[in-house]
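Working notes for the structure below.
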Amino acid sequence: MRKTRSTAFFVLTALLSLSLAACSGSNNGNGNAGASSSAHASSAAPSAGGSANPSEAPIEADITVMHFWSNADDTIKEIAKNFEQENPGIHVKVNLSSVANHYTDLTQRIQSNDTPEIFTVWPGASVNPYYDSGVLADLSDLPWAGEINDTAKKISTYDGKLVLAPVNTAIMALAYNKDVFDRLGLQPPQNYADFEHILQTLKDDPGIKTPFINGADFLLNIASLQAVTDVYAKQPDFDAKVSVGEEKFNNEAFTNLFKRMLIDWPDKGYVNGSTMLSTDRMSKAVLQFIDGQAGIMELGGWDIPVLNQLADGKKINVGMFPFPAQDGKGSVLAAAGEAFAMSANAAGAKKEAAVKFLNYLMNDENNAKICAAINSLSAKQNVKAEVDPILATLSNYMNAAPTYGFMTWPMEVQNNLKNLGNVMLEKKDADAKLKVLNAELQNLQTAWMSDAQK
């Protein structure tokens, strides 16, 4: 069995004082790839040794940066150009890869001994193979390492070594149409009972087609938003306990969570039923939200530029709030992150050049530029990036309390979540649907334990 280490993708921001939540396929490359809670062999990440103070002699080297942020490509190229002017012996080639093919292309380059000196990753389960194979350099001694917030540092640390350079904190929560809420006299919910009242009020309004509009990423994203509130805020080590048999993924909390999503909400007409599993959220479902035919939708900070583009000049008044706690004792905010990594295969002048440019990318000014380009908050404690006003509406929630890291689900579990859609395909009564739900959750529990035993 592999040794458990600290990995995570989502973070929790507990909103106890207010009692009041990644991604895939977005333009800037934010995914919703969760971290595996399964154990991994303890590997010593190759160190960037001495890289915080590289040789004062002029460095001559060509290095490559491979990233997935289409919204930040021009920004990163500008940063590289400025860096080259200050370091005339170093040439930086910036390669933009597609979100869908990023890891496939990166793996192929590694296997072909053409590993980029610097590349982007989504912290979590998808990083594990790169760490285990020794591709990631140890960045613990670099000058910015002490400036990363505690949660971002935790999700970037493997076996006590900082092997990722966390760039941003990308928030996912529920967006609401302020004009619709104002017309109906609604306010953001303080608890789940408030949320149900809002959904029912929206359903009863003849101008609303779908109270809570969703798309094909509903199963993972909305489950995650609820889980951070109902499970992980109370038990941050839940995933680790599942992996060692002390907890079960198909426990009462998760069963109730998916029952709400897949049985109660569709039966009450709160969501767009089984059609949402074949609907792209940010190209089709979002249009109902823009037109005021839907009152609420899940939205990530990375989705906001797409929302504004689809609005096509139409004024849309949008706010955001976290998914409300089921027990009314406080909600949490779900967030994801992205990071740079440095190849452990870089050596000599290339290594010195890569370290120098990574430090340049991670200085406050350039980190703020990248975060602003992808409309995301910074993972550095003292950097305030300029973000869209819609995302800024979450600031009161974010500043209310500390953050906590937690584990998310193995990739096999995430990939099989789609099978939960079978619950909504069941045509009989709620009891028959619940039977299907229990069977599918048992399958996910089996998949989790299978991963844990690898």
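The values are calculated or read from the model by the stated rules, or taken from the named source; none is laboratory data. No experiment lies behind these values; they were computed from the predicted model shown. Positions of Cβ are generated from backbone atoms using ideal geometry, with glycine treated the same way; all protein chains shown enter the neighbour counts.
Here is a check on your reading of the model: is Glu147 farther than 16 Å from Trp69 by Cα, crowded, with 23+ Cβ neighbours inside 10 Å and at pLDDT 90 or above? Before the answer, list the steps.
On the way: farther than 16 Å from Trp69 by Cα: yes; crowded, with 23+ Cβ neighbours inside 10 Å: no; at pLDDT 90 or above: yes.
No; evaluated as a whole, the condition is false for this residue.
Could you identify the single residue in Phe289, Phe249 that is closer than 30 Å to Lys153 by Cβ and among the aromatic types (Phe, Trp, Tyr)?
Values: Phe289 fails: closer than 30 Å to Lys153 by Cβ.
Exactly one of Phe289, Phe249 is closer than 30 Å to Lys153 by Cβ and among the aromatic types (Phe, Trp, Tyr), namely Phe249.
Considering only segment 358-380, state which residues are of a type in the set (Val, Ile, Thr) and part of a loop (DSSP other than H, G, I, E, B).
First, pick out the residues of segment 358-380 that are of a type in the set (Val, Ile, Thr): 370, 374.
Residue satisfying the conditions is Ile374 alone.
Identify, by number, the condition in (1) outside the structural domain of Lys418 (by TED's automatic domain parsing); (2) in a helix (DSSP H, G or I); (3) buried (at least 23 other Cβ atoms within 10 Å of the Cβ) that Pro166 doesn't meet.
For Pro166, the failing item is (2).
A quick yes/no check of all residues on (1) over 22 Å from Asp74 (Cα atoms); (2) part of a helix (DSSP H, G or I); (3) modelled with pLDDT under 90:
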residue	(1), (2), (3)
Trp302	no, yes, yes
Lys350	yes, yes, no
Ala353	no, yes, no
Lys356	no, yes, no
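Among the residues of segment 425-454, which ones are at pLDDT below 90 and not in a loop (DSSP other than H, G, I, E, B)? Please lay out each step first, then the result.
Applying the first criterion (at pLDDT below 90) to segment 425-454 yields 425-428, 451-454.
Within segment 425-454, Leu425, Asp451, Ala452 meet the criteria.
With the condition kept exactly as written, say whether any residue in segment 216-231 is over 27 Å from Trp69 (Cβ atoms) and part of a loop (DSSP other than H, G, I, E, B).
Looking for residues that are over 27 Å from Trp69 (Cβ atoms) and part of a loop (DSSP other than H, G, I, E, B), one finds none in segment 216-231, hence no.
Please go through segment 313-348 and give me each residue that is at pLDDT below 80 and either touching a Ser or Thr at 6+ places or on another chain (Cβ under 8 Å) or buried (at least 19 other Cβ atoms within 10 Å of the Cβ) (or both), ordered by number.
To start, the set of residues in segment 313-348 that are at pLDDT below 80 comprises 325-337.
Ala325, Gln326, Gly328, Lys329, Gly330, Ser331, Val332, Leu333, Ala334, Ala335, Ala336, Gly337, listed by residue number.
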